Amino acid sequence: MARADRPALSTVTSDGPPSAGSARRAVEALWRIESARIVGALARFTGDFALAEDVAQEAVAQALVGWARDGVPANPVGWLLTTARRRAVDAFRRRAALDARYAVLAGQLAEGTGGSPADDLPWDPDRVDDDVLALMFVACHPVLSPEARLALTLRVVGGLSSEEIARALLVPVPTVQARITRAKKTIAAAGVPFALPEAPQRRERLGAVLNVLYVIFTEGATATAGDQLLRPDLAYEAIRLARTLAALLPAEPEVHGLLALCELTAARFPARVDADGEAVLLADQDRRRWDRSAIRRGVAVLGRAVALGRGLGPYGLQASIAACHAGAVSVAQTDWARVVLLYEALGRVAPSPVVALNRAVAVAMADGPQQALSLVDEVAAGGRLAGSYLLPSVRGELLARLGRTVEAQAELELAARLCRNVRERAVLLRKADALGG
C-alpha cells in the first residue's frame, strides 16, 4: 500500500528502454523520495553506516546505466536494494573471504530474503520507520561536531546533494564534502552501532535531530538559491520525518512544536506562488487557497505540545507565531501585539539576529515603522547579518513606509544584489522600481 502523498514508485514500469535523460530523472526522483529508507535498510543489513551509503551510491550509479539500457524495473526500490546488498557482500568478501558474516549475508540473498526486485517494498510505508530514525540518531551522534552532524544528516537522511547542503549552510561545497567524509570515518572509528539509542541518549541527541529537520524544511519553504521559491519535495520530506519522530517520542514537546511549525508554514504554500511561479507576498495572498487541513493538523499538534505542560521551546514558539498568521483573515487583522510578545519570548529562549529582525517586522506592524527601524539598526550594528539580503530588504521596507524613498530604493537594490533566489530577487527589484517610478 502506498501513501497518498508519495508516488507509488514500486509500480513504475517502462514500455521500452528510456533515454539516458529519462532514466536519470527516474533515478533522481526515486532517490529523493526513498534515499533515507534505502540507506537505513542497508545500514541495518550490513551494520556498517559508511558502507551502507557507499553501496547505495554504487547501486544508483549502476541504475543510471542499466535503466537507460533496459528500462526502469517494475520495482525500482527493490532493484536498488538488491544491487546494493550484492555490493555489500562483495565488500565483505574482499575484507575477509567466507567469514561468518559473509556467509550469513550471502545465505540471505540466496534465499531471496527481501532481495528480489519482484518483492514488495521492504517496509510498510504507513508505520513508524525505525530504520530512518536510527539513521537520524546515528548521524547526530555526539562523537561528531555540530557542523558534521548537520551535513551528514542532510546528506543521508534528507537526500540533499553536496551542492544543496552547501547552499543551505552557506559554506563552500568542498567544506561540505570534507565534513561528510570525516563524519563517516569518525563514526566507523568510534564503532557507533546502527540502532535506535536508549531513551536517555535519544534526548541527548534530539536537539541536533530537530535542527537538521528544521534546516531541511526551511530550505524547502524558501530556497536559498535557484529559480524556484519553494522546494516542496524537501519541505514535505521534513514533515514526514517529523511525524515519524513525533510518533516515536510523543512526550517531547519540541518534537510536536517543530511538526506544528512545519504544518502551519506549509499550509500557505498553495498561495505563496502564482501560476508562473512568481512569489506572492503575504499581504497579497488569497487566504482561501491556504491548506485548511494542514492548519488544523498544525493547531492540533501545537495543542499537544502545550498540553505536555513543560512550556514551549523555540520550535513551539515559532509554531505559535505561525498559528497567529493562520488564524487571521488578513494581515491587518493579525494579532500583531501577540506576535511581538512571542518574538520577545523566542529572543530570550533562542536569541539570534534573524529572530531580532523578525521581531522588528512585527513591531512595525503593531507600533509603526520608526520604532522598528531603530531595532533593525541595532541588528545591523551587531554585524552578524552582514552579507545577508534579509537586513537591507527589511530596512528598505521600513524606509519606504517612512517616506524616505531614495534610501529605501538603495536598500532594496542592495538586497536584490545579495539575494540568490531568482524569485525573491524579482520581488525586491519590483519594489525598488516602484519607488523609483
With a point put 7 Å past each Cα toward its Cβ, work out how far R203 is from E278 in nm, to one decimal. 5.2 nm
Candidates A183, A84, A26: whichever shows maximal mean-square fluctuation once the chain is modelled as a Gaussian network with Cα springs under 10 Å: A26
Using 0.36 nm per residue, how much length does the chain from T175 to R338 gain when fully extended, once their Cα-Cα distance is taken away? 54.6 nm
Give the shape of segment 232-339 as rounded, prolate or oblate, defined through the alpha-carbon gyration tensor: a ≥ b ≥ c are the square roots of its eigenvalues, a/c under 1.5 means rounded, and otherwise the shape is prolate if a/b is larger than b/c and oblate if not. oblate
Based only on Cα atoms, what Rg/Rh ratio does the chain have, Rh being taken as Kirkwood's radius? 1.01
Candidate span helices, the chain: DSSP H, at least 30 Å along axis from Cα coords, Kyte-Doolittle average at least -1.0, result 20-46, 49-70, 199-221
Quick check: pseudo-label points 7 Å beyond the Cα along Cα→Cβ at R288 and D433, how many nm apart are they? 2.9 nm
Given the options G382, G158, G396, state which has the largest fluctuation in a GNM of the chain using a 10 Å cut-off (strictly under) for Cα springs. G382
Assign unit charges at the C-beta atoms only (+1 for Lys and Arg, -1 for Asp and Glu), then state the dipole size of the chain relative to its Cα centre in Debye, rounded to the nearest 20. 480 debye
G226's amide H: which non-local residues (gap 5+, or another chain) put their own amide H closer than 5 Å, with H modeled 1.01 Å from N in plane and none for Pro or chain starts? V422
The rounded separation in angstrom of the Cα centers of segment 194-256 and segment 307-386 is 22 Å
Among L213, L264, L398, which one shows the highest mean-square fluctuation when the chain is modelled as a Gaussian network with alpha-carbon springs under 10 Å? L398
Note: segment 313-437 at 37 °C, 0.692 mPa s; Kirkwood Rh on alpha carbon pairs; Stokes-Einstein D in µm²/s works out to 218 µm²/s
Rg/Rg_ref, segment 291-339, where Rg_ref = 2.2 N^0.38 Å and atoms are Cα: 1.17
Here, D90 and E28, labelled 7 Å along Cα→Cβ, have an inter-label distance in nm of 2.6 nm
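Bear in mind that the values in this text are calculations on the coordinates, not laboratory data. Predicted, not measured: the structure shown is a model, and the values here were computed from it. As a convention, Cβ positions derive from the backbone with ideal geometry for all residues, glycine included, and neighbour counts pool all protein chains shown.
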